[in-house]
Amino acid sequence: ALEGATGMKPEELFGSLGGEAGALLTLNDEKMISIPVGQGQPLQIPEPRLAIVLTVKDDRLFDWLDGKLEDNPQVIRSDDAGLRLRVLPVPAPVPVEIRASIARYEDKLILATHDELIRAMIAVKSGQQPGVRTNPEFARLARGMPESGNSFGFVSRRLGETLQRVQMEFLKANAGMGGNESPAKLIQKLASLNAAAAAYSVAQNTTQGW
């Protein structure tokens, strides 16, 4: 089934992967989106964007995905400055602009919900834009941490705060519809005891274990 769908044998497909993978979720403060909540005013939150990054050894995966998009006239194609990029605007039933994007850059294959996120990642890597290392929150958490490892994870406090806001507004709306605000007040008290926190982790595979 896999060979029929991709035109590649499993060993060829997985042999194209470089053994590294990562995921990135951002909140775009420059574009706020409205989330309907009950009968009240919509909740404004930064637009989320998602990217998945894979290290690859060759162009096989990108070329296969590119071939799937070949006959779609809506696909925006660009090949310049070492970046091969394909973008497909996708109408969505949610107030989030989705421009499904695939990119091949250096030894990376990038899948993202918006091409601007891909270009921002490349700009950071090339030193044209500041990256997470300049973020005071990250700098505080990374102080004294190893600078090399097999796995890295960073979660900003902003993510937890945004999720808590969304949860609270939906709880308030549901409680208001039922004529009983006590559940929302209880959850609000619990949330105040568990404030959103930032986290940074580094994992290493050493001779003593993981």
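The values are calculated or read from the model by the stated rules, or taken from the named source; none is laboratory data. If you're wondering where the values come from, they're calculated on a predicted model, not measured in any experiment. Please note: Cβ atoms are built from the backbone with ideal geometry, for glycine as well, and neighbour counts cover all protein chains shown. Protein only, heavy atoms only, side chains kept; ligands, DNA and RNA dropped before computing areas. Shrake-Rupley method; radii C 1.70, N 1.55, O 1.52, S 1.80 Å.
For the subset of region 104-116 comprising residues that are out of contact with any Phe, Trp or Tyr (no Cβ under 8 Å at 6 or more places or on another chain) and not acidic (D, E), which member is surrounded by the fewest Cβ atoms within 10 Å (Cβ to Cβ)? Going through the qualifying residues, I end up with L111. Within region 62-93, the set of residues being closer than 21 Å to A21 by Cα and either in contact with a Pro (Cβ under 6 Å, 6 or more places away or on another chain) or not in a strand (DSSP E or B) (or both) comprises F62, D63, W64, L65, D66, G82.
Of the candidates R133, R119, R157, the single residue that is within 19 Å of the chain's Cα centre (by Cα), at pLDDT 95 or above and open to solvent by 90 Å² or more (accessible area, probe 1.4 Å) is R119.
Pairs meeting the criteria (first residue in region 132-160 and in contact (Cβ under 8 Å) with a residue 60 or more places away in the chain, second residue of a type in the set (K, R), beta carbons under 7 Å, at least 6 apart or on different chains) are E137/R157. Taking residues in region 30-54 that are within 25 Å of R119 (Cα to Cα), and partners anywhere that are among the acidic types (D, E), the pairs with Cβ atoms closer than 6 Å and at least 6 places apart or on different chains are K31/E47; I33/E47; P46/D29. For V96, the conditions (1) of a type outside the set (F, W, Y); (2) part of a strand (DSSP E or B); (3) touching a residue at least 60 places away in the same chain (Cβ under 8 Å); (4) under 26 Å from V132 (Cα atoms) all hold with the exception of (2).
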